[in-house]
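Note sheet for the following structure.
The values are calculated or read from the model by the stated rules, or taken from the named source; none is laboratory data. None of these values were measured; they are calculated from a predicted model. All Cβ positions, even for glycine, are placed from backbone atoms using ideal geometry, and neighbour counts span all protein chains on display. Side chains are part of the model used for accessible areas, which takes the heavy atoms of the whole protein and leaves out ligands, DNA and RNA. Shrake-Rupley method; radii C 1.70, N 1.55, O 1.52, S 1.80 Å.
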Amino acid sequence: MNARATFIRMQDSTQQDWQLIGAEFMQFSKGLPARIIQHLRLLEGDYGGFPIDRYTHSLQTATRALRDGRDEEYAVCALLHDIGDTLGSFNHPDIAAAILKPFVSDENLWMVQHHGIFQGYYFFHHLGLDRNMREQFRQHPHFERTAEFCELYDNPAFDPKAETLPITEFEPMLRKLFASPRNSIYKAALKD
């Protein structure tokens with residue numbers, strides 16, 4: 001068993017405690033890509049009435065982006081855009097964005113966080129919702145990027161016959177992207 005801090009209130013913690021915790025954290029953070037893949041696999045077999053399961057949809061969306069020449073960060077965002085479906089049934093884009101936030105550019109983060117409203121253009125009218133809900137963001141600098149993501153990659157990724165690369169194709173990209181955060185309050189503390 002690894003050494004542990006002894007405080008019962010954080011206010012009583014010491015620098016030595018945080019050195020122990022920091023060392024554990026560094027080891028734990030190395031497993032993030034594997035945990036993300038494991039969580040993504042929870043979507044396997046979850047059809048929710050769709051023509052393909054949510055896992056295949058995620059892989060297919062990422063495959064489309066990769067085959068279209070998008071960079072690795074974009075492909076990982078495409079892969080993880082619906083990872084929140086299991087825990088955020090009513091706000092899945094927020095879950096995906098929270099996972100990606102420390103690691104991706106502002107434009108990719110915004111795209112993932114807002115893709116649900118933009119994807120609604122293709123089906124909201126069938127639910128009695130406003131399919132043009134995305135128009136509230138028309139003047140946003142990432143509007144076109146997000147509309148394009150949905151049109152080219154998310155919207156058509158429900159085809160049982162479409163090319164769908166296996167998760168192993170995306171694992172190196174995931175490992176690289178999640179190796180070190182760009183945007184985190186802890187970033188300075190991680191530079192030891």
ask   = Of Gln19, Gln27, Gln119, which is the most mobile in a GNM of the chain whose springs link Cα atoms less than 10 angstrom apart?
value = Gln19
key: Potential extension, Arg9-Asn155 segment - 0.36 nm per residue separation minus Cα distance   = 47.7 nm
request  = In debye, nearest 20, what is the charge dipole magnitude of the chain about its Cα centre with +1 on Lys and Arg Cβ and -1 on Asp and Glu Cβ, if you could check?
outcome  = 460 debye
message = Just want the answer: with Cβ charges of +1 for Lys and Arg and -1 for Asp and Glu, which residue in Gly88, Pro33, His142 is farthest toward the dipole's positive end in the chain?
response = Pro33
note = When the chain is treated as a Gaussian network with springs between alpha carbons less than 10 Å apart, the largest mean-square fluctuation among Ala96, Ala78, Ala23 is found at Ala23
query = Which FRET efficiency, nearest 0.05, do Leu87 and Glu44 yield, Cβ-Cβ r, R0 22 Å?
reply = 0.90
request  = Whole number in Å², please: accessible area per residue of segment 93-134, 1.4 Å probe, ligands, DNA and RNA not counted.
outcome  = 47 Å²
inquiry  = Output needed for segment 20-162: three equivalent-ellipsoid semi-axes, defined as square roots of 5 times the C-alpha gyration tensor eigenvalues, in descending order, whole Å.
reply    = 26, 18, 15
ask   = What FRET efficiency do you get for Asn2 and His140 if R0 is 30 Å and r is their Cβ-Cβ distance, rounded to the nearest 0.05?
value = 0.05
query = Which order do Ile95, Ile83 take by accessible area at a 1.4 Å probe, largest first?
reply = Ile95, Ile83
ask   = Of all accessible surface on segment 26-69 at a 1.4 Å probe, what whole percent is carbon and sulfur?
value = 54 percent
query = When the chain is treated as a GNM, springs tying every alpha-carbon pair under 10 Å, which of Leu40, Leu80, Leu32 comes out with the largest mean-square fluctuation?
reply = Leu32
message = Can you give me the long-range amide H partners of Asp46? Hydrogens built in the peptide plane at 1.01 Å from N, cutoff under 5 Å, separation of 5 or more residues or another chain.
response = Arg54, Tyr55
remark   = Quick shape check on segment 47-118: root eigenvalues a ≥ b ≥ c of the Cα gyration tensor, a/c under 1.5 is rounded, otherwise prolate if a/b tops b/c, else oblate, and it reads oblate
query = Which chymotrypsin sites (Phe, Trp or Tyr not before Pro) does segment 73-106 hold that lie in a coil by DSSP with at most 15 other beta carbons within 10 Å?
reply = Phe90
inquiry  = Expected output is a single nm value to one decimal: the length gained when fully extending between Glu163 and Glu72, i.e. 0.36 nm times separation in residues minus the C-alpha distance. What is it?
reply    = 31.0 nm
request  = Roll a 1.4 angstrom probe over the protein heavy atoms and tell me the percent of accessible area of segment 73-192 that is carbon or sulfur.
outcome  = 53 percent
key: Contact order normalised by residue count of the chain, Cα under 8 Å, 6+ apart, percent   = 22 percent
